[in-house]
1. Is there any pair with a first residue in segment 64-91 that is hydrophobic (A, V, I, L, M, F, W, C) and a second that is open to solvent by 70 Å² or more (accessible area, probe 1.4 Å) and assigned to a loop (DSSP other than H, G, I, E, B) whose Cβ atoms are under 7 Å apart and which are 6 or more apart or on different chains, and what are they?
2. Name the single residue that is modelled with the lowest pLDDT among those in segment 21-35 being assigned to a helix (DSSP H, G or I) and hydrophobic (A, V, I, L, M, F, W, C).
3. Report, by residue number, each residue of segment 75-98 that is over 11 Å from the mean Cα position of the chain (by Cα) and farther than 18 Å from Leu149 by Cα.
Amino acid sequence: MPSSVAKETFDNPILAEIFAAQGMPERAAGILRRVVRERPDDAAARSRLAQIEAQLPPPMRAAGALEAELQGLLEAAQGASAAAVLQADGTLLACAECGGSGIDVARLLQGYAGATTALRDLGGEQPLAGSLTELTLFTTNLVVVLHHLGEGAYAAMVLRPDGLAGKARY
């Protein structure tokens, strides 16, 4: 049995079990979804995914399809480590991650969503400046692209510094 699903990730059933044991079934399910997508004949992974998804609250189960779409976007953007859809208050609606990046993506995006909301509010106070539609943040360790989807929702992509932020925007 291969020790990893993709060459650039650590996604495997063992990592999923670690997250499940630590009380993070959402992350475990995300990893198992990638394992099943890469190895559709892995009956054990498919069965374990069904068990973990059955424990998730209904909104998280519905997010599975969105997470699959995000995973596809994540795989298409070179250097991407996470993709998410979140509300303006930072609540994650769906998130897909590539391997164990060591970053608490939910908390990171929560903070950036708050800043983005403040910037959107400032645009409302300055109508000639226009409304914020997209924000790209460059730090020493990552790049985050946040795109306003309307109705207080954002699409976000987290990339390594060498990632292609321009491609992530689309």
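1. Pairs found: Ala77/Leu164.
2. Ala29
3. Glu75, Ala76, Ala77, Gln78, Gly79, listed by residue number.
Rundown of residues vs (1) under 17 Å from Ala106 (Cα atoms); (2) in contact with a Phe, Trp or Tyr (Cβ under 6 Å, 6 or more places away or on another chain), yes/no style:
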{"site": "Thr133", "(1), (2)": "no, no"}
{"site": "Leu137", "(1), (2)": "yes, no"}
{"site": "Asn141", "(1), (2)": "yes, no"}
{"site": "Leu146", "(1), (2)": "yes, yes"}
{"site": "Leu149", "(1), (2)": "no, no"}
{"site": "Ala155", "(1), (2)": "yes, no"}
{"site": "Val158", "(1), (2)": "yes, no"}
{"site": "Asp162", "(1), (2)": "no, no"}
{"site": "Arg169", "(1), (2)": "no, no"}
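The values are calculated or read from the model by the stated rules, or taken from the named source; none is laboratory data. Because the structure is predicted, anything quoted here is derived from the model rather than measured. Cβ atoms come from the backbone with ideal geometry, glycine included; neighbour counts cover every protein chain shown. For accessibility, only protein heavy atoms count, side chains too; no ligands or nucleic acids. Shrake-Rupley method; radii C 1.70, N 1.55, O 1.52, S 1.80 Å.
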